[in-house]
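Report on one structure; see the data block that follows.
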Amino acid sequence: MADAQRRDGNADGVKSFFWVLDLAIHLLLWVVLVTFLAVLADIGAAYTLWRDDPVGGIQGLVRYYVAQTTAPDLGRKAADGLYWMWFGWTGIDASARAYVAGAAPSHGLQAAFGRLLFGDGTTVVDLAMYGVKLVAIRAAMLLMAIPQFALAMFVGLADGLVARYIRRAQGGHESATRYHRAKRLLTLGLVPFLSTIWLVAPVRIPITVLFGPMSLVAFVAIRTLAKFYKKYV
C-alpha cells in the first residue's frame, strides 16, 4: 500500500511539474472538439435553416460576427490560423485549388477522391471551411471579452475577501458546501458550458447578450469562493 501511495505521489508530482504541457494538451483537445462540433452544427443548419443557399447562409454568419468584433484584423488572423491548422498543412486547401484550376489528376484513386470531395461534396467542404473560420472569429471575440470577465472576477474577489474577514472576525459559520459548489460552477459548470454553446451554435448571438450574464455568474462564484474559504490557513 505504501508503494501504491508513493507511485500516486510521484505521478502527481510529474503532472504538477509539467502543468503547462498538460494545460496545452487539454486546450488543444478542447479546440479540436469544439471545432468538430461547430462544423457538424453548421452542416446541420445548412440543410435546415439555410436550405436554399447553404454556403450563402454561413457566409452571412461569418460577416455578422466579423462586424460584431472590435478588432477585425485579430479575427481574420485567428480565422487564417485555424483554417491552416485544419486545411492548410493537411493539403486539403491545395487539393481544392488544384481541382478548381483543373490541375488535379483525371484518373485513378486520387482523381476519384477529388471528385467525391470537391465535386459532389463541394458544399460540405465549403461549409466546413467557413465553419472553421467562424469558430476562430468567435474564439478571438471570446479572448477580447476576457478583460470584462477579469474585472468582474476581481471585484468579486475583493468583495468576497472583505466578507470573509467579517465572517472570521464575528465568528461566522463555515460552509464547505457553498465553496465547492461555487468552484464547480466556475470551472466545470455554467461558464464553460455557455462558452462552448456560443462557439458552436450556428445562429446569431450577440456577445453582449451572453457575456453580460456570464460576468455576473463569475462575480457571484468568485465572491462565494472568497467568502467561504476556510477562516484559518
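Every number in this text was worked out from the coordinates using simple rules, so none of it is lab data. Given the structure is predicted, the values throughout are model-derived calculations rather than measurements. Heads up, the Cβs are rebuilt from the backbone with ideal geometry, glycines too, and the neighbour counts pull from every protein chain shown.
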Length gained when the stretch VAL162-ARG181 is fully extended (0.36 nm per residue, less Cα-Cα span): 4.8 nm
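Given 0.36 nm per residue, what is the gain on full extension from ARG51 to ALA94 after removing their alpha carbon distance, in nm? Kindly include the intermediate steps, with their values, before the conclusion.
Details: separation 43, 0.36 × 43 = 15.48 nm, distance 2.80 nm.
Residue separation times 0.36 nm, minus the Cα-Cα distance, leaves 12.7 nm.
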Inter-probe distance in nm under a simple model that places probes 7 Å from Cα toward Cβ, at PHE149 and ALA41: 1.5
Proximal charge balance of ALA46 [Cβ under 14 Å; K/R count +1, D/E count -1]: -3
ALA71/VAL220 FRET efficiency (R0 25 Å; Cβ-Cβ; nearest 0.05): 0.30
